Amino acid sequence: GLRAVPGGAGAPAGAGAPAGPAIRKLKKGELLFQEGENSRAMYFLRSGMIRIYKKKGDSFIEIDTVHKGSVLGELAFLDGNPRSASGEALTE
């Protein structure tokens, strides 16, 4: 299965968020994050692959395919801006 571990930063202490990293398991086709959403989580991909893409009109622009051992989502984590792209699981 695909596992992504969000960083613990960005959530106030005691706000119901886990203290430190948490494991997320995604099914094929499930979104890890979506373009435009506000999120300060970053992820370390423990297994599987994630497709990074942007929406342009009625189509999509493929930006990258992220493989296990990679970090993703770091831009929103670092700059606090909304997500600049979406991440979709290509595998379980």
**Fill in**
ALA22 passes all but one of the listed conditions (1) free of Cβ contacts under 8 Å to residues at least 40 places away in the same chain; (2) outside any loop (DSSP other than H, G, I, E, B); the exception is number (2)
**Any strands (runs of 3 or more DSSP E) falling wholly within segment 26-76 and containing at least 3 residues that are open to solvent by 50 Å² or more (accessible area, probe 1.4 Å)** = 49-56, 59-67
**Request:** Just give me the residues in segment 68-92 being under 13 Å from the mean Cα position of the chain (by Cα) and small (Gly, Ala, Ser), in sequence order.
**Result:** SER70, GLY73, ALA76, SER84, ALA85, SER86, GLY87, ALA89
**Item:** Test set (1) surrounded by 14 or more Cβ atoms within 10 Å (Cβ to Cβ); (2) more than 15 Å from ARG83 (Cβ to Cβ); (3) at pLDDT below 95; (4) among the small types (Gly, Ala, Ser) - GLY7 fails condition number
**Value:** (2)
**Request:** Just give me the residues in segment 83-92 being surrounded by 14 or more Cβ atoms within 10 Å (Cβ to Cβ) and out of contact with any strand residue (DSSP E or B) (no Cβ under 7 Å at 6 or more places or on another chain), in sequence order.
**Result:** none
**Message:** Six or more apart or on different chains, Cβ atoms under 6 Å: show the pairs whose first residue is in segment 59-79 and without any contact (Cβ under 8 Å) to a residue 24 or more places away in the chain and whose second is charged (D, E, K, R) and not in a helix (DSSP H, G or I).
**Reply:** ILE61/LYS54
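The values are calculated or read from the model by the stated rules, or taken from the named source; none is laboratory data. Model, not experiment: these values are computed from the prediction. Note that each Cβ is placed from the backbone with ideal geometry, even for glycine, and that neighbours are counted across all protein chains shown. Heavy atoms of the whole protein, side chains included, go into the accessibility calculation; ligands, DNA and RNA do not. Shrake-Rupley method; radii C 1.70, N 1.55, O 1.52, S 1.80 Å.
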